[in-house]
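So the structure is just underneath, and the comments pick up after that.
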Amino acid sequence: MKVLLIGSSSDIAQYMIKNASNEHDFIELTSNPSGSHQHEINVQDESTFPSIEGEIDGLVYFPGSINLRPFSGLKLSDFQTDYEINVLGLIKILKHFHKQLAQNSSLVFISTVAAQVGMPYHSSISLCKSAIEGLCRSLAAEWSPKVRVNCVAPSVVQTKLSTRLFRTESQVEQMNSRHPLQKVGQPKNIADAIEFLLSDKSSWMTGQVLHVDGGLSTIKK
């Protein structure tokens with residue numbers, strides 16, 4: 001199974017790579033390569049996209065941002081930058097590779113719990129991820145039955161991208177307490193959900209948003 005991992009330097013992608021079964025042939029595309037096995041790309045520049053030989057069975061788009069500030073503190077350029085990374089980068093990747101998608105291939109996009117639950121200081125990221133969820137449903141309809149398209153919508157996950165949210169013990173406790181399950185996500189939680197959506201175990205799912213968020217989107221305690 002040939003799977004493109006866009007943004008493969010992310011902690012979640014790296015967990016997938018290190019723990020995947022032998023049936024996966026991951027092709028790693030990232031803006032921050034750490035070895036010859038990774039292809040350096042800029043999701044805003046299609047000239048950096050490599051040629052991939054043969055058909056593609058799966059694609060996961062990881063690039064994102066955590067720009068949590070009051071609306072009044074966000075400039076138009078902040079919204080534009082977030083949109084370019086989260087949405088336009090994904091569109092450019094899909095435009096470039098969609099003709100190579102194999103029969104029964106699976107695409108997974110990363111959303112956020114904030115696309116469903118209103119949260120202060122999330123205006124830019126919730127806007128971008130809501131757009132991704134809309135794109136997911138539209139492409140799922142347009143590309144079925146050949147291609148399945150689904151989203152994973154996490155709450156906060158403890159990764160290098162979110163390091164500043166976990167600098168102190170009190171911050172960790174506060175983040176844990178916000179979730180009904182009293183803990184934040186780990187890379188494994190999201191990687192397992194992505195693996196499920198890539199696999200035949202989810203072969204009757206498309207156009208769905210899978211919430212992996214410690215219960216935050218549906219439970220009030």
When only residues in region 157-199 that are part of a loop (DSSP other than H, G, I, E, B), touching a helix residue (DSSP H, G or I) at 6+ places or on another chain (Cβ under 8 Å) and not charged (D, E, K, R) count, which is surrounded by the most Cβ atoms within 10 Å (Cβ to Cβ)?
Val184
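Residue by residue, here is whether (1) of a type in the set (Ser, Thr, Tyr); (2) farther than 30 Å from Trp204 by Cα; (3) modelled with pLDDT of 95 or more; (4) surrounded by 13 or more Cβ atoms within 10 Å (Cβ to Cβ) holds:
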residue: Ala20; (1), (2), (3), (4): no, no, no, yes
residue: Leu29; (1), (2), (3), (4): no, no, yes, yes
residue: Glu55; (1), (2), (3), (4): no, no, yes, no
residue: Val60; (1), (2), (3), (4): no, no, yes, yes
residue: Gly64; (1), (2), (3), (4): no, no, no, yes
residue: Val108; (1), (2), (3), (4): no, no, yes, yes
residue: Thr112; (1), (2), (3), (4): yes, no, yes, yes
Against the conditions (1) polar (S, T, N, Q); (2) outside any helix (DSSP H, G or I); (3) surrounded by fewer than 21 Cβ atoms within 10 Å (Cβ to Cβ), where does Ser47 fall short? Just the number, please.
(2)
I'm told Lys220 meets every condition in (1) under 20 Å from the mean Cα position of the chain (by Cα); (2) on the phi < 0 side of the Ramachandran plot except one. Can you identify the failing condition by its number?
(1)
Is it the case, given these coordinates, that Ser65 is in contact (Cβ under 8 Å) with a residue 60 or more places away in the chain, small (Gly, Ala, Ser) and in contact with a Lys or Arg (Cβ under 7 Å, 6 or more places away or on another chain)?
no
Just a yes or no: is a residue in region 143-156 free of Cβ contacts under 8 Å to residues at least 60 places away in the same chain, of a type in the set (Gly, Ala, Ser) and buried (at least 22 other Cβ atoms within 10 Å of the Cβ)?
no
Does Glu84 meet the test of being surrounded by 16 or more Cβ atoms within 10 Å (Cβ to Cβ) and in contact with a Cys (Cβ under 9 Å, 6 or more places away or on another chain)?
no
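The values are calculated or read from the model by the stated rules, or taken from the named source; none is laboratory data. Just so it is clear, the model here is predicted, and its values are computed rather than measured. Methodologically, a virtual Cβ is constructed for each residue, glycine included, from the backbone with ideal geometry; neighbour enumeration extends over all protein chains shown.
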